[in-house]
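The values are calculated or read from the model by the stated rules, or taken from the named source; none is laboratory data. The model shown is predicted, which means the values in this text are computed figures rather than measured ones. With ideal geometry, Cβ positions are generated from the backbone for all residues, glycine too; neighbour counts draw on all protein chains shown. Protein only, heavy atoms only, side chains kept; ligands, DNA and RNA dropped before computing areas. Shrake-Rupley method; radii C 1.70, N 1.55, O 1.52, S 1.80 Å.
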There are 2 protein chains.
Amino acid sequence: MTISMYEASVPVFSARLKALSNVLAAAEQNALDRKIDPQVFLTARLAPDMFALTRQVQIATDHAKGAPSRLAGREVPKYEDNEASFADLEARIAKTVAHLATFSAADIDGSDDKMIELKLGGREITLGGMQYLLHVAMPNFYFHLTTAYDILRHNGVPLGKATFLGSR
Amino acid sequence: MTISMYEASVPVFSARLKALSNVLAAAEQNALDRKIDPQVFLTARLAPDMFALTRQVQIATDHAKGAPSRLAGREVPKYEDNEASFADLEARIAKTVAHLATFSAADIDGSDDKMIELKLGGREITLGGMQYLLHVAMPNFYFHLTTAYDILRHNGVPLGKATFLGSR
């Protein structure tokens, strides 16, 4: 009759991150094929005051590791944000997917009304778990996930929606 | 202890679409300020084989009107896809938000295991309501919502994440 906080978080982050890994693998291969320095893609951005590809992937994984951890009342793992290659970014995604796999449904379920404290835009805010997941973590996650894809499409990497969705 | 299919769909689509409306209003004003023909923004795209802004907004609203309708077992409203201006797109968003407001929690709740039939990438598929919402409708919705924003940022429209999220 309802869906669980677990179903609405862990499998969603996990499936989308695995797809992001495929997106990055396609980009890396495309750089090789076109004899483009991979750094060109890694540092590409859609506007001078938007983050480059590497940072987009870092922030997407930050939301994916942060949300279930906060909902389960666990410490959010700290990553060093020092990724310098496609291999590094893929390792960060794999580490995040492995972290997601450590949560059982029982760890997350029931967190819909748990009060979550976080910094948002420099301010300390407190909001319910469901509100946090659906209106902060997910939109932010999808924003950076999509923008990473958009940066690569803008740079001519041949990708399709099915790869973004992870449906193939 | 759990979240409802209603909470995971209607208020999410609604909040994000209202934010999209603010994004478009900012773009329209920016075109005016910079003396740019609004058609330049409406037809802008990030890659030659990606959809332009107008189509991104149309598809985002398609998912927002389609998902709750399918989950509730109602006919999906047909829109003519003839928007030709920012005002038209804002009207389409307003129409979608008004459609969303016609659903009560009782209309949507319990649809997590309802079988949903839809065409996806040219194929007829059937999947459960929760799977459809979390793994088809939402990622597609966020993809087009974010890409609309990215197109405008790429074209120099001054926007920030808070406007995308609808947090201001």
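Just a few scattered comments:
- Using every pair of separate Cα atoms, the Kirkwood estimate puts the hydrodynamic radius of the protein assembly as shown at 20.4 angstrom.
- Relative to the other identical copies, A:Arg123 shows label-point distances of 4.6 nm, where the label point lies 7 Å from Cα along the Cβ direction and values run shortest first.
- Probe 1.4 Å - accessible area at B:Tyr6, Å² to nearest ten: 50 Å²
- Dipole moment magnitude, nearest 20 debye, the protein assembly as shown about Cα centre, only Lys, Arg, Asp, Glu C-beta charged: 420 debye
- FRET efficiency, B:Asn22 to B:Ala105 (Cβ-Cβ, R0 25 Å, nearest 0.05): 0.45
- C-alpha long axis of helix B:10-33 to longest principal axis of chain B, angle in °: 10 degrees
- Shielding score for B:45-58, defined as the mean number of other chain Cβ atoms within 10 Å: 2
- Computed from the alpha carbon positions, the gyration tensor of the stretch A:1-141 leads to an equivalent ellipsoid with semi-axes of 30, 17, 12 Å, biggest first.
- Cα long-axis angle, helix A:53-72 against chain A (0 to 90 degrees, to the nearest 10): 20 degrees
- log10 of Debye I(q)/I(0), alpha-carbon scatterers only, for the stretch A:121-163 at 0.32 Å⁻¹: -1.09
- Taking only protein heavy atoms and a 1.4 Å probe, the accessible area of the stretch B:38-168 is 52% carbon and sulfur.
- Reduced Cα scattering model of the stretch B:61-105, Debye log10 I(q)/I(0), q = 0.21, 0.25 Å⁻¹: -0.67, -0.88
- Direction-averaged projected area, Cα convex hull, the stretch A:23-86: 5.3 nm², rounded to one decimal.
- Placing a label point 7 Å from Cα along the Cα-to-Cβ axis, B:Asn82 is separated from the same position in the other copies by 6.1 nm, shortest listed first.
- Residues of the stretch A:90-126 buried by at least 30 Å² on assembly (accessible area, 1.4 Å probe, chain alone as reference): A:Gly110, A:Asp112
- Sorted largest first by accessible area at a 1.4 angstrom probe radius, with every protein chain in place, the residues A:Arg153, A:Arg34, A:Arg55 fall in the order A:Arg34, A:Arg55, A:Arg153.
- Angle of helix B:86-100 to the longest C-alpha principal axis of chain B, folded into 0 to 90 degrees and rounded to 10: 20°.
- Cα centroid separation - the stretch B:112-168 against the stretch A:1-39, whole Å: 16 Å
- Calculated log₁₀ intensity ratio I(q)/I(0) where the Debye formula runs over C-alpha points of the stretch B:59-146, q = 0.10, 0.14, 0.16, 0.26 Å⁻¹: -0.26, -0.51, -0.66, -1.44
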